[in-house]
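Asker: Handing you a structure now.
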Amino acid sequence: MQLSQFGEHYCGDSGILDLMEDLGSALRENPAMLMLGGGNPARIAEAERLFRSTLQEVLADDARSHQLLGRYQGPKGDLAVREALAAELRLQYGWPVGAEHVAVSNGGQSAFGLLANLLAGESASGRRCLHLPLVPEYLGYADIGRSPGFFTAARPLIDLLPERQFKYRLDRSAPIPESAAALCLSRPTNPSGNVLELDDLQWLDTAARQRGIPLVIDAAYGLPFPGLQYPEGSQPYWSDNVIMLLSLSKVGLPGARSGFVVAAPPVIEAFSRANSVLNLASGNLGPALALPLLDSGQLFRLSREVLQPWYRARRDHAVAALRAALGDLPWLLHRPEGAFFLWLWFPQLPLHCEALYQRLRAAGLLVIPGASSFMGLEGGWPHATQCIRLSCAVDDSTLERAAAVLARVLRDLSR
Ligand SMILES: Cc1ncc(COP(=O)(O)O)c(C=O)c1O
């Protein structure tokens, strides 16, 4: 098969696809493998019950089930769900948004990919890039751009904290390239669990505005849903220069492939036109579930009262298990402020994190090696090869066994 440049780009070698395939084959080879490598949300009984009963109600209603199964929605998605989300955002956060600020998407990945390529790449003013003001970032971004040099990135500052913790901080002195078409970040950040401070977001928003470019905030794990932001009083951030990506996946519905874009109306217009060309329409399952859950306030309540405490408890257990198992080995933990990952840094690691990944895999533990999360960064940075990501979206006993395997492999390495 002769592929186009587009085909070569998306079907060619990709470190991430290789990694995903390797995770899959590791699980097939050894079903007892401790899987802390994926991005799947956990199974949480109360959330599953709520989604199931809501879906049953929709299916039992003739008009609503036709709306779900038998109709294409318009380019921006069902008006009722867009109004319901906007109303909840006005009520909870006072954002001045209406349905015209909201589009339904086929999930965060699809929305990010589309917007990224709408903004960056070849343009009338030359080749433009997406700038990541702080890496590590979500590895699913890495291959999304269709032109070389699609991402540029800045190293963060590293604050060393008590109790073996550290935190990435935005380096405001790092240059933003002239060719930047947008500033992008995930908040909470996958993989590090960082929740960037509001004043840093304001600073980035102002810097973006001065350049006439948007700030993209991927809130797949954050507020308003699933709301996995743990610092006391933590808030989401939006302005009319922000393109916010919301997803229903980490709420517990990754199979629905559904999310929302919240942005100024011209952005919504551009996104939905392109989305119509590529997808005809977004899927109806997410909106069909989200509409009654937004109208009744249950989506936000579930996030606040069930999901957030559940993941916070897993996080606390995982941290305790790691502390007990790793003891005084040379390891540091990014302060786990959000999402459901722990990001570990081994400053004296004698091998590349991908080699550590292989050793852990052989010992029965799957993690994500951190190097692919530093996309766009120029110049070698040893730190980028010294980190791994662990998911906490598993049960406590899996977390304890994983910590024990990690400790054993690290001890063997330090002998
Ligand atoms: C930061 C981030 N953004 C977006 C996505 C993709 O989410 P979705 O399932 O909505 O496409 C993920 C999935 O892991 C993610 O971690």
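The values are calculated or read from the model by the stated rules, or taken from the named source; none is laboratory data. This one's a predicted model, so the numbers in the text were calculated from it and none came from an experiment. We place every Cβ from the backbone using ideal geometry, glycine too, and count neighbours over all the protein chains shown.
Asker: Can you find a residue that is among the polar types (S, T, N, Q) and either in the same structural domain as T189 (by TED's automatic domain parsing) or buried (at least 18 other Cβ atoms within 10 Å of the Cβ) (or both) anywhere in segment 36-46?
Answerer: No, segment 36-46 has no match at all.
Asker: Of the numbered conditions (1) within 16 Å of the ligand (Cβ to nearest atom); (2) in a loop (DSSP other than H, G, I, E, B); (3) of a type outside the set (V, I, T), A281 fails exactly one; give the number of that condition.
Answerer: (1)
Asker: Scanning segment 81-113 for residues that are surrounded by fewer than 22 Cβ atoms within 10 Å (Cβ to Cβ) and within 16 Å of the ligand (Cβ to nearest atom), which turns out nearest to the chain's Cα centre (by Cα)?
Answerer: My answer is Q109.
Asker: Ok, one more. Anything in segment 122-140 that is modelled with pLDDT under 95 and either within 21 Å of G259 (Cα to Cα) or of a type in the set (G, A, S) (or both)? List them, or say none.
Answerer: Answer for segment 122-140, where residues must be modelled with pLDDT under 95 and either within 21 Å of G259 (Cα to Cα) or of a type in the set (G, A, S) (or both): S123, A124, S125, G126, L139, G140.
Asker: Is there a residue being over 28 Å from F300 (Cα atoms) and β-branched (V, I, T) anywhere in segment 130-144? Write out each step before concluding.
Answerer: We begin by selecting, within segment 130-144, every residue over 28 Å from F300 (Cα atoms); these are 130-136, 142-144.
If we keep only those that are β-branched (V, I, T) too, we end up with 135, 144.
So far as segment 130-144 goes, yes, one or more of its residues are over 28 Å from F300 (Cα atoms) and β-branched (V, I, T).
Asker: OK, next. How about segment 311-365: which of its residues are more than 16 Å from the ligand (Cβ to nearest atom), in a loop (DSSP other than H, G, I, E, B) and either hydroxyl-bearing (S, T, Y) or closer than 29 Å to Q229 by Cα (or both)?
Answerer: Answer for segment 311-365, where residues must be more than 16 Å from the ligand (Cβ to nearest atom), in a loop (DSSP other than H, G, I, E, B) and either hydroxyl-bearing (S, T, Y) or closer than 29 Å to Q229 by Cα (or both): G327, D328, L329, P330, W331, R335, F346, P347.
To keep it simple, each residue is scored yes or no on (1) closer than 19 Å to L332 by Cβ; (2) surrounded by fewer than 23 Cβ atoms within 10 Å (Cβ to Cβ).
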position	(1), (2)
A355	no, yes
M375	no, no
E378	no, yes
C387	yes, no
L390	yes, no
D396	no, yes
R415	no, yes
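Asker: Give, as residue ranges, the helices (runs of 4 or more DSSP H) completely inside segment 1-79 that count at least 3 residues that are within 25 Å of the chain's Cα centre (by Cα).
Answerer: By residue number, 5-11, 15-29, 45-60.
Asker: Find all pairs meeting these conditions: Cβ atoms under 7 angstrom apart; at least six residues apart or on different chains; first residue within segment 187-201 and free of Cβ contacts under 8 Å to residues at least 60 places away in the same chain; second residue in a loop (DSSP other than H, G, I, E, B).
Answerer: Qualifying pairs under 7 Å: L198/Q235; L198/Y237; D200/L170; L201/Y237.
Asker: Among the residues of segment 127-161 satisfying the criterion of being farther than 27 Å from S272 by Cβ and not in a loop (DSSP other than H, G, I, E, B), which is farthest from the ligand (Cβ to nearest atom)?
Answerer: L160
Asker: Right, something else. Out of A264, A339, A321, which single residue is modelled with pLDDT of 95 or more and in the same structural domain as A181 (by TED's automatic domain parsing)?
Answerer: Values: A339 fails: in the same structural domain as A181 (by TED's automatic domain parsing); A321 fails: in the same structural domain as A181 (by TED's automatic domain parsing).
Of A264, A339, A321, the one residue that is modelled with pLDDT of 95 or more and in the same structural domain as A181 (by TED's automatic domain parsing) is A264.
Asker: On to the next question. Any idea how many residues of segment 203-249 are within 16 Å of the ligand (Cβ to nearest atom) and either outside any loop (DSSP other than H, G, I, E, B) or within 13 Å of the chain's Cα centre (by Cα) (or both)?
Answerer: Qualifying residue count for the region: 22.
Asker: Suppose we keep only residues that are among the aliphatic types (A, V, I, L, M) and either surrounded by fewer than 19 Cβ atoms within 10 Å (Cβ to Cβ) or under 19 Å from S192 (Cβ atoms) (or both) within segment 114-126. Which one would you say is farthest from the ligand (Cβ to nearest atom)?
Answerer: Going through the qualifying residues, I end up with A124.
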